[in-house]
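Written below as structure tokens is the structure these notes are about.
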Amino acid sequence: MKTKPKPKPMGTIGTALACAGLLLCSNAYTDSVKIGFVTTLTTPAGVIGKDMQDAVNLAVDHLGAKMAGKDIEIFFEDDGFKPEIGKQKTDKLVKQDDVDFVTGFIWSHVLLASRKSALDAGKFLISANAGPSKLAGKLCHENFFSTSWQNDQTPMAMGEVLNQQNVKSLYVMAPNYAAGKNMVAGVERTFKGEIAGKDLTKWGKDAQLDFSAELAKAKASGAEGLFVFYPGKAGGAFMKQYQQAGLVESLPLYTVFTVDSIALPKLQGANMEGVLGSRNTMFWSPDLDTPGNRKFVSGFREKYGKYPSFYAAQAYDSIMLINSGVEGAGGNVDDMDAVRSAMKQANFDSVRGKYTYGNNHFPIQNFYLREVVEDADGNWTSKIVSTVLENHQDPYAAECKL
Amino acid sequence: MNWDLLIIQCLNGLQLGLLLFLLAAGLTLIFGIMDFINLSHGSFYMIGAYFCASITNLTGSLILGVVISLIGVLIVGALVEALLARRLYRNDHLDHVLVTLGLILCFDTAVHFFWGAEGMTIPLPPALDGQVNMGDIVIPTYRFVIIIAGLLVAGGLYLLVNKTHLGMLIRAGASNRVMVTALGINIDRLYMIVFAIGAAMAGFAGMLIAPITEASVGMGNEIIIIAFVVVIVGGIGSVKGAFYGALLIGLIDTLGRSYLDDFLKLSMPANYAETAAPALSAMMVYILMAAILAFRPRGLFPPATKS
């Protein structure tokens with residue numbers, strides 16, 4: 001390990017030649033729509049990526065593997081939960097595979113690191129989850145679209161719920177990264193009571209999963225409610241410790257993106273009954289009654305035998321949005337203006353029902369209050385209680401110059 | 001000052017420290033006696049958790065899960081020693097690092113292959129799922145169980161190392177390996193026993209943590225770094241050092257997470273303090289290690305002599 005491996009000259013030349021070859025042939029003859037999908041397939045967060053991958057494959061099935069008569073080619077790439085890997089994979093997708101669309105992206109920091117690679121190469125970049133504030137505001141781009149939400153919106157809806165339920169003081173916990181900070185900023189934006197305390201915990205591949213110290217602080221703070229954002233496996237770990245600490249009665253829990261269909265079966269397996277009845281806000285729910293959602297949820301449950309997560313719903317929509325763009329351009333993906341203006345219409349059966357795009361290409365959509373319940377077959381799932389925000393636009397849209 | 005909270009946080013720190021001790025004890029013995037750097041020690045932690053989760057879910061008994069898994073991890077540890085580690089003791093540390101790093105990838109991929117990426121939970125019996133009340137101090141019962149189990153293992157290890165013939169050989173091996181061999185002791189067998197016991201303790205730590213977090217691929221790879229810090233702070237080869245080092249680091253980490261943001265708020269705006277505190281508390285154990293090494297380069301409790 002004393003000497004660093006030198007770049008192989010032959011490899012570089014080979015790559016250059018391959019790129020040149022691709023450039024020559026790509027415009028002349030395109031027989032398929034190429035989509036790069038960057039998500040997390042390894043590390044414990046790989047379970048989220050798997051759910052998205054399943055949803056993408058379902059969407060391809062539903063489209064009959066064709067967009068405007070052309071074959072669909074999907075390239076799945078694993079970001080390993082790391083921004084630098086995500087960027088490398090995006091570079092590979094746009095340079096080597098010459099995809100037309102890059103989509104996926106669970107994590108805000110990965111998306112922020114990868115955005116330039118995709119947009120500078122003149123590709124469409126579509127976030128199927130991450131919604132960092134910068135991309136909605138100053139860094140908005142004509143070729144960037146979201147099929148999810150801007151990070152602040154869902155906690156803003158939760159802030160409204162807290163006001164309605166007359167919660168006076170709140171303890172806040174979230175991971176210390178771009179989205180975690182947006183989530184905290186979002187709930188603080190609408191919540192009118194007092195923030196009794198706040199913890200930002202270590203995140204990433206070696207994320208903190210033991211919250212004993214933070215839960216003890218939250219309890220001692222005397223807050224009337226506990227707001228948390230812990231996506232992926234941290235959510236399950238948090239819920240278990242919350243119940244083990246005996247806080248279910250004394251410190252009601254309000255979550256965003258924490259209790260989802262990935263965490264619920266495991267919580268059910270561990271008899272964590274404290275999660276039943278807990279409230280969260282979201283733009284979507286498996287029981288949302290729209291034509292697109294009925295087809296998606298029943299198709300997903302039939303094919304994979306489980307409820308789809310919101311990650312899956314957004315990934316499904318990202319493929320459907322691309323399809324609407326490709327069809328709008330009559331199958332000519334190189335006509336980016338036509339694809340863009342078609343996608344801006346959001347003219348497809350979205351899982352969330354009809355929505356519109358704002359100037360920054362983030363959806364303007366409803367947010368719902370949901371409750372964890374047991375369904376008719378005894379599975380734990382989420383059910384809509386009420387609509388909290390109608391046709392809500394993110395607060396950063398004004399900073400976007402588009 | 002909220003004294004109840006301070007006591008709760010100290011108990012939380014103690015619990016983290018004891019988990020770290022279970023990992024570090026095996027690591028320090030293997031490092032100290034065989035002079036073998038085992039990066040894949042964290043894989044035993046992961047395997048312990050997965051074995052226990054599978055068997056507990058299968059049989060419905062946590063105790064049965066723990067007992068069978070302990071035997072399982074002992075066997076895996078002995079196999080790794082006999083098939084792989086034994087051939088590498090004479091090589092230099094770089095070879096150890098390369099091979100055990102490869103071993104981590106093998107274990108992670110194998111677990112991913114057999115159990116999938118989802119991770120596994122261990123359901124706790126209702127008796128352990130509640131809380132213990134001592135006046136105003138409320139602690140989850142299960143965290144109490146971890147503290148007691150950790151202290152029992154530490155006590156058992158103390159007796160084993162200090163009061164038995166095997167322990168005498170282990171201590172001798174840690175302070176002068178060559179002399180032990182020269183006295184005609186079957187060193188191969190001693191190595192295998194030490195390796196397997198170390199693996200089993202790491203596996204036990206994994207079983208203890210899994211009901212709180214869960215069994216997941218690569219769960220040992222992060223905590224093993226901290227366990228190495230414990231070994232170095234405590235003194236390589238010293239079980240006593242690993243014990244005090246682990247408690248020190250567990251307390252520093254927990255108290256840092258609990259009080260650092262309030263402390264920083266005294267000298268900087270609240271929003272800076274909130275961002276800086278988690279970063280700084282993650283660094284604190286390394287700062288502590290650097291400080292200790294500056295004054296005691298061989299750690300807090302180095303073994304008497306080392307060849």
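A short reminder: the numbers here are calculations on the coordinates, not readings from a lab. Because the structure is predicted, anything quoted here is derived from the model rather than measured. Because the Cβ atoms are built from the backbone with ideal geometry, glycine has one as well, and the counts that use them run over all protein chains shown.
Of the complete DSSP H runs in chain A, those spanning 27 angstrom or more by Cα along the long axis with a mean Kyte-Doolittle score not below 0.0 are A:9-28.
In percent, rounded to a whole number, the relative contact order of the stretch B:132-287 is 12, using alpha-carbon pairs under 8 Å and six or more apart.
Measuring r between the beta carbons of B:ALA127 and B:ILE225 and using R0 = 41 Å, the FRET efficiency lands at 0.75.
Across peptide B:273-280, what mean number of C-beta atoms from other chains lies inside 10 Å of a residue's C-beta?
4
Peptides B:220-226, A:207-213, B:58-64, B:101-107 ranked from most to least packed give A:207-213, B:220-226, B:101-107, B:58-64, packing being the mean of other C-beta atoms within 10 angstrom over each peptide's residues. Max-minus-min Cα coordinates of the stretch A:153-282 on each principal axis give 36, 31, 28 Å, with the largest extent listed first. Size descriptors for the stretch B:67-174 (Cα atoms only): Rg and Dmax, in that order, 19.6, 56 Å. In order along the stretch A:379-389, the phi-based Karplus estimate (6.51 cos²θ - 1.76 cosθ + 1.60, θ = phi - 60°) of 3J(HN,Hα) comes to 8, 7, 8, 10, 9, 6, 9, 7, 8, 9, 10 Hz; Gly and Pro are listed as x.
What fraction, in whole percent, of alpha-carbon pairs in the stretch A:103-143 exceed 11 Å separation? It would help to have the intermediate numbers written out before the result.
On the way: 507 of 820 pairs.
Every Cα pair in the stretch A:103-143 considered, those over 11 Å come to 62 percent.
Counting only C-alpha contacts under 8 Å and six or more residues apart, can you give the relative contact order of the stretch B:20-295 as a whole percent?
Working: 372 pairs, mean separation 99.4, N = 276.
It comes to 36 percent, rounded to a whole number.
Dividing the convex hull volume of the alpha-carbon atoms in the stretch B:1-57 by its residue count gives 111 Å³ per residue.
Per the Debye calculation on the stretch B:20-295 with a single equal scatterer at every Cα and no solvent contribution, log₁₀ I(q)/I(0) for q = 0.15 Å⁻¹ amounts to -1.19. Note on chain B: with a GNM built from Cα contacts shorter than 10 Å, the maximum mean-square fluctuation among B:VAL229, B:VAL178, B:VAL80 falls on B:VAL178.
Measuring from centroid to centroid over Cα atoms, what is the spacing of the stretch A:342-402 and the stretch B:85-127 in Å? That distance is 42 Å. Hey, which lysines would be in cross-link range of A:LYS401, C-alpha to C-alpha under 22 Å, not counting anything within fewer than 8 residues on its own chain? List returned: A:LYS116, A:LYS123, A:LYS134, A:LYS138, A:LYS344. Net length available on complete extension from B:ALA304 to B:ILE71 is 80.6 nm, with 0.36 nm assigned per residue and the Cα-Cα distance removed. Using only the Cα atoms, work out Rg/Rh for the stretch A:285-402, with Rh taken as the Kirkwood radius, to two decimals. Expressed as Rg/Rh, it is 1.03.
So, R0 is 30 Å and r is the distance between the beta-carbons of A:ASN379 and A:PHE75; what FRET efficiency does that work out to, to 0.05? Don't skip to the answer; put the middle values down first.
Numbers: r = 33 Å, r/R0 = 1.10.
It comes out at approximately 0.35.
Take each residue of peptide A:240-247, count the partner chain Cβ atoms within 10 Å of its Cβ, and average: the result is 6.
Taken over the Cα atoms of the protein assembly as shown, the convex hull encloses 170 Å³ per residue. In this structure the amide hydrogen of B:ILE137, modeled in the peptide plane, comes within under 5 Å of no amide hydrogen from residues 5 or more places off or on another chain. Plainly put, chain A has a radius of gyration that is 0.98 times its Kirkwood radius, both from alpha-carbon atoms, as the Rg/Rh ratio.
Remind me, relative contact order of chain A in percent, using alpha carbon pairs under 8 angstrom and six or more residues apart? Write down the numbers at each step before the final one.
Values: 825 pairs, mean separation 68.5, N = 402.
Contact order relative to length: 17 percent.
The amide H of A:VAL38, built 1.01 Å from its N in the peptide plane, has A:GLU77, A:THR103, A:GLY104, A:PHE105 as neighbours under 5 Å, considering only residues 5 or more places off or on other chains. Can you tell me the orientation of helix B:3-34 relative to chain B, as the angle in degrees between its alpha-carbon axis and the longest Cα principal axis, to the nearest 10? Long axis of B:3-34 versus the principal axis of chain B: about 10 degrees.
Shown is the FRET efficiency for B:TYR158 and A:LYS168, computed with R0 = 35 Å from the Cβ-Cβ distance and rounded to the nearest 0.05: 0.10. Under the simplified labelling scheme, the A:TYR355-B:ASP136 pair shows an inter-label distance of 4.7 nm, with each label point 7 Å from Cα along Cα→Cβ.
So for the stretch A:75-119, considering every pair of alpha-carbon atoms, how many percent are separated by more than 18 Å? Mind dumping the intermediate values first?
Details: 125 of 990 pairs.
So the pairs more than 18 Å apart make up 13 percent of the total in the stretch A:75-119.
One quarter of the convex hull surface built on the alpha carbon atoms of the stretch B:102-232 amounts to 11.4 nm², the projected area averaged over directions. Between the amide H of A:TRP380 and those of A:ASP375, distances stay under 5 Å, these residues lying 5 or more places away or on another chain, with hydrogens modeled in the peptide plane.
Count, for each residue of B:248-258, the Cβ atoms from other chains sitting within 10 Å of its Cβ, then give me the mean as a whole number. Don't skip to the end; give the middle numbers.
Details: counts 0, 0, 0, 0, 0, 3, 4, 1, 1, 10, 7.
Rounded to a whole number, the mean comes out at 2.
To the nearest ten degrees, helix B:187-209 and the longest principal axis of the Cα atoms of chain B are 20 degrees apart.
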